[in-house]
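Remarks on the structure that follows.
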Amino acid sequence: MASQIEAIEIKRKMFFEFEDAPYHCIDVEVSKPTARGGQTLVRLKMRNLLTRAVFDKTFKAGDRFKEPDLAKIPASYLYADASGYNFMDQETFETLTLGPDLVGDDRQLLADNVTVQIQTYNGNPIGLQFPPHVVLAVTSAEAGARGDTATGSVTKVATLETGMEIRVPLFIKEGEKIKVHTETREFAGRAEK
C-alpha cells in the first residue's frame, strides 16, 4: 500500500495524489486557529500534473493523501516526426515517443541531444522536466544600431534554431550558441565553447 501524507506535512515542490490524479504543490499556507477547538487549515496552491490546471484548495490538517506512483526517466531528444517527439531512454536506449499535446510549448526548447526527464504516472508519460538551462544556436538576429544604448534599448530580438524568439544583448551574433533559462525562456548567457 502506498504511504499516506497528511496535509500538514505537505511542503512546496512535493507531489501527492488527490481524487485519483497526481498533484505538485506550488505553495503552502497554514492557518492556525485562534479559538480553542478550532481546526488548523492548510491552503495549497497545486498543479494537476495531468491537465496542467493550477488552483487553490483548503484542507484540514489531518486530511490524508496517497503518494503518487511517479517516476522520472532520463532521456535525450532525438527528432520530431509525424508520430510525435522522439526521445532515447538513457538507461534502456529504447525510443520513447511523446505526442504534440503532451510536449506543448516545450517544443521550443528541444534541440538535438537536449537531456530531459520524462515524468511518468502509473507508467504513462505525463510531462517533461528540463534542466535549468538549455543551449540553443542563434539562427538570426537583428542588427544592433549605434546609439541604441542611449535610449535604454540594450537588447534585440533573436530567433533560435527551434523557432523561438527571445530578447538578447546587442553583442550576440548569428551562429552563436546561447543558454536559455527553461522556466522564464529568457537569455541566460553565452554557452561555453
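The values are calculated or read from the model by the stated rules, or taken from the named source; none is laboratory data. Values in this document were obtained by computation on a predicted structure and should not be read as measured data. Cβ sites come from the backbone with ideal geometry, for glycine too, and all protein chains shown count toward neighbours.
Does residue 84 satisfy the condition of being in contact with a Ser or Thr (Cβ under 6 Å, 6 or more places away or on another chain) and at positive phi?
On the way: in contact with a Ser or Thr (Cβ under 6 Å, 6 or more places away or on another chain): yes; at positive phi: yes.
Here the answer is yes, as residue 84 does meet what is asked.
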Next item on the list: With the condition kept exactly as written, say whether any residue in the range 58-75 is at pLDDT 90 or above, touching a Leu at 6+ places or on another chain (Cβ under 6 Å) and surrounded by fewer than 16 Cβ atoms within 10 Å (Cβ to Cβ).
Entry: yes
Check: Quick one: in the range 81-107, which of the residues that are closer than 17 Å to residue 127 by Cβ and among the small types (Gly, Ala, Ser) is modelled with the highest pLDDT?
Finding: 84
Item checked: Residues (within 12 Å of residue 22 (Cα to Cα) and over 22 Å from the mean Cα position of the chain (by Cα)) located in the range 47-65 -> 65
Check: Of the residues 82, 61, 7, 35, which single one is among the hydrophobic types (A, V, I, L, M, F, W, C) and within 25 Å of residue 100 (Cβ to Cβ)?
Finding: 82
Check: Taking residue 44 and the conditions (1) within 26 Å of residue 124 (Cα to Cα); (2) out of contact with any Cys (no Cβ under 9 Å at 6 or more places or on another chain), which numbered condition does it fall short on, given that it satisfies the others?
Finding: (2)
Next item on the list: Need at least 1 residues that are more than 30 Å from residue 180 (Cβ to Cβ) per element, so show me which strands (runs of 3 or more DSSP E) inside the range 5-119 make the cut, counting only ones lying wholly within it.
Entry: 15-18, 21-31, 41-48, 54-60, 64-66
Margin query: For the range 15-65: of the residues being among the hydrophobic types (A, V, I, L, M, F, W, C) and in contact (Cβ under 8 Å) with a residue 60 or more places away in the chain, which is farthest from residue 119 (Cα to Cα)?
Written below: 65
Next item on the list: Could you please give the count of residues in the range 173-187 that are in contact with a Ser or Thr (Cβ under 9 Å, 6 or more places away or on another chain) and at pLDDT below 90?
Entry: 0
